[in-house]
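A.B. asks: Submitted below is the structure of interest, expressed as structure tokens.
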Amino acid sequence: MTYISIDVETNGPCPGINSMLQIGAAAFDEEGQLLEDISYNLELLKGSVADPKTMAWWLGKKDAYENTRFNIYHPQEAMGKFVAWVRKFPKPTALAYPAGFDFPWVYYYCHLLTGDCPFGFQCLDIKSYAAAILKVPYREATKKNMPHGWFVGLPKHTHDAADDAIEQGMLFFRMRKFGNYIDNSLNKTKGL
């Protein structure tokens, strides 16, 4: 299995109404080793509109926004390249933080522009995973409530889709290691 951490930058909250500006992905093996990453900047979809609230948010991150507007690909070309890249890995499973935002964009663009999504419906939500490991309600599984050690040495969250996909993938594998440690500790305590 290959875990593909995905991240998107957009000009609004809703696929189909708004446009994806950038897609980034980072492939990790089962052990958490980064294999490869990619990123594409996309032209806006015809007929889409920019969301005023989202664009106001981007005003505070002008450099990051400008990073999404150079070396731009036609969306069909970018998604074709993305799908081909994902398919070269065995059993690709998407990771996202939060999956409820990023995965619908990837799923919509893949189906709209290539006719298929290489992940099927397979997307693991990193925030849900954290809630399960920490045994807290989903809404309490925020980064400020997660163990500090999970974040030490992680790349900075830059709002560059490839950078953020790498960061989020690394975070997932730290959570996974922590969860395995807890499980092993409980098994030893129970004599298993």
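A.B. asks: Name the residue that is surrounded by the fewest Cβ atoms within 10 Å (Cβ to Cβ), counting only residues in region 23-46 that are more than 30 Å from residue 178 (Cβ to Cβ) and in contact with a strand residue (DSSP E or B) (Cβ under 7 Å, 6 or more places away or on another chain).
C.D. replies: Ranking the candidates gives 43 first.
A.B. asks: Can you confirm whether region 141-161 contains a residue that is surrounded by 12 or more Cβ atoms within 10 Å (Cβ to Cβ), touching a helix residue (DSSP H, G or I) at 6+ places or on another chain (Cβ under 9 Å), at positive phi and not polar (S, T, N, Q)?
C.D. replies: The answer is yes, given that some residue of region 141-161 is surrounded by 12 or more Cβ atoms within 10 Å (Cβ to Cβ), touching a helix residue (DSSP H, G or I) at 6+ places or on another chain (Cβ under 9 Å), at positive phi and not polar (S, T, N, Q).
A.B. asks: Scan region 145-165 residue by residue and report those that are under 19 Å from the mean Cα position of the chain (by Cα), free of Cβ contacts under 8 Å to residues at least 60 places away in the same chain and outside any loop (DSSP other than H, G, I, E, B).
C.D. replies: Of everything in region 145-165, just one residue is under 19 Å from the mean Cα position of the chain (by Cα), free of Cβ contacts under 8 Å to residues at least 60 places away in the same chain and outside any loop (DSSP other than H, G, I, E, B), namely 150.
Bear in mind these aren't lab numbers, they're just calculated from the coordinates by the rules spelled out. The model shown is predicted, which means the values in this text are computed figures rather than measured ones. Cβ: placed from backbone, ideal geometry, glycine included. Neighbour counts: every protein chain shown.
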